[in-house]
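Trainee: First, the structure itself, so that you have it in front of you.
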Amino acid sequence: MSAPHRPLAGIALMLGFATMASLLDAVTKGLTASYPVPMLLWLRFLGQTGSLLLLLPWIGWAGLLTTSAPRVQLGRGVALTVSAGAFVFALSYLPFATAKVLSFTSPLLVTLLSLPLLGERVGWRRATAVAVGFLGVVAVIRPGFGMEGATALDWAMALPLLSAGAYACYQLLTRRVAQRDGPVASLFYVSVVGLVASSLLVPFHVVPVPPWLVAFLLVHGALVGVGHFLQIRALALAPASLLAPFGYASLLWAVLIGATVFGEAIGVFTILGALTIAGSGLYLFRSATSGR
């Protein structure tokens, strides 16, 4: 069966995912100052898995477990777990906007890798737009000139880059199964893999947590799951090479949240870089919808 192609619906869902992810990441950034990362990850995946198990009376075990590609689903789970873990650790060390900006090598990688791995048409115009977008990321980072709250050679800079690479793999694997497996099952598999992996670490990083915060973090984890559900549905409706640039909405949110919530300075290079990245994303949308 041919895949549905509803680009506007896919873009809307991807923008919703980008907004929700940025807001939830800001909450996580605040919590890393007081609580260990492995425990935060464990509660996140526990909330995701628990919220999906609540759907059992309506969809049954078949709705959660049925998959046509169990190995791909396992790979998705491993990729997302590595991405989430690396990024939350990055948030605990780096300024919020810096961590988010560095993670934006992921949409660039998705667009470039969608040709050899998914067979999607990218073309030289889109490849050029991706390159321009990457220059915008470089302008924001300003390697060698230092960044607020961290040095250009700080080892923690590798964490969001690791997260970006793993997340690109997750998105491409999601595209492979999005047309065959249901979104709930796809989300359940990554949630369980993340829960199992984080359960191996959390016993060594337990600290007292008030009951209200446990409940809050479980809801937070469930909302993270909702965000990923939006992304899975988006990838089922439109090509990854089209949707990836609209993840750049998170970059704009990152700059705004970093400045207003965490008091991070926003320089002229950050603004120019953000505009360059946004312009690249808009061109990619135009070229994709016009078929060029």
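Trainee: Anything in the stretch 27-46 that is surrounded by fewer than 19 Cβ atoms within 10 Å (Cβ to Cβ) and under 21 Å from A259 (Cβ atoms)? List them, or say none.
Mentor: Of everything in the stretch 27-46, those that are surrounded by fewer than 19 Cβ atoms within 10 Å (Cβ to Cβ) and under 21 Å from A259 (Cβ atoms) turn out to be V27, G30, T32, A33.
Trainee: So is G227 in a helix (DSSP H, G or I) and over 24 Å from W42 (Cα atoms) or not?
Mentor: So G227 fails the test.
Trainee: Among the basic types (K, R), touching a helix residue (DSSP H, G or I) at 6+ places or on another chain (Cβ under 6 Å) and either closer than 20 Å to A236 by Cβ or at pLDDT 90 or above (or both): does that describe R71?
Mentor: Here the answer is no, as R71 does not meet what is asked.
Trainee: Another question, then. Can you name the number of the only condition in (1) under 25 Å from R126 (Cα atoms); (2) crowded, with 21+ Cβ neighbours inside 10 Å; (3) modelled with pLDDT of 75 or more that T276 fails?
Mentor: Every listed condition holds for T276 apart from (2).
Trainee: Considering the stretch 154-173 alone, what residues qualify as being farther than 14 Å from S83 by Cα and at pLDDT 80 or above?
Mentor: Listed by number, the list is empty, since nothing qualifies.
Trainee: Please work out which residue is nearest to A97 (Cα to Cα), limiting yourself to the stretch 1-60 and to residues that are of a type in the set (V, I, T) and touching a Leu at 6+ places or on another chain (Cβ under 7 Å).
Mentor: Result: T28.
Trainee: Somewhere in the stretch 251-264, is a residue closer than 18 Å to A26 by Cβ and of a type in the set (D, E, K, R)?
Mentor: yes
Trainee: Sticking with this structure for a sec: Does V214 satisfy the criteria of being at pLDDT 80 or above, over 18 Å from the mean Cα position of the chain (by Cα) and not polar (S, T, N, Q)? Don't jump to the end; show me each part of the working.
Mentor: Numbers: at pLDDT 80 or above: yes; over 18 Å from the mean Cα position of the chain (by Cα): yes; not polar (S, T, N, Q): yes.
Considered against the rule, which asks whether it is at pLDDT 80 or above, over 18 Å from the mean Cα position of the chain (by Cα) and not polar (S, T, N, Q), V214 comes out as yes.
Trainee: Which one is nearest to the chain's Cα centre (by Cα), of the residues in the stretch 193-211 that are without any contact (Cβ under 8 Å) to a residue 24 or more places away in the chain and under 26 Å from L74 (Cβ atoms)?
Mentor: Checked the stretch 193-211; the qualifying residue nearest to the chain's Cα centre (by Cα) is V196.
The values are calculated or read from the model by the stated rules, or taken from the named source; none is laboratory data. Note that the coordinates shown come from a computational prediction; the quantities given were computed from them, not determined experimentally. So basically every Cβ, Gly included, is an ideal-geometry build from the backbone, and we count neighbours across all protein chains shown.
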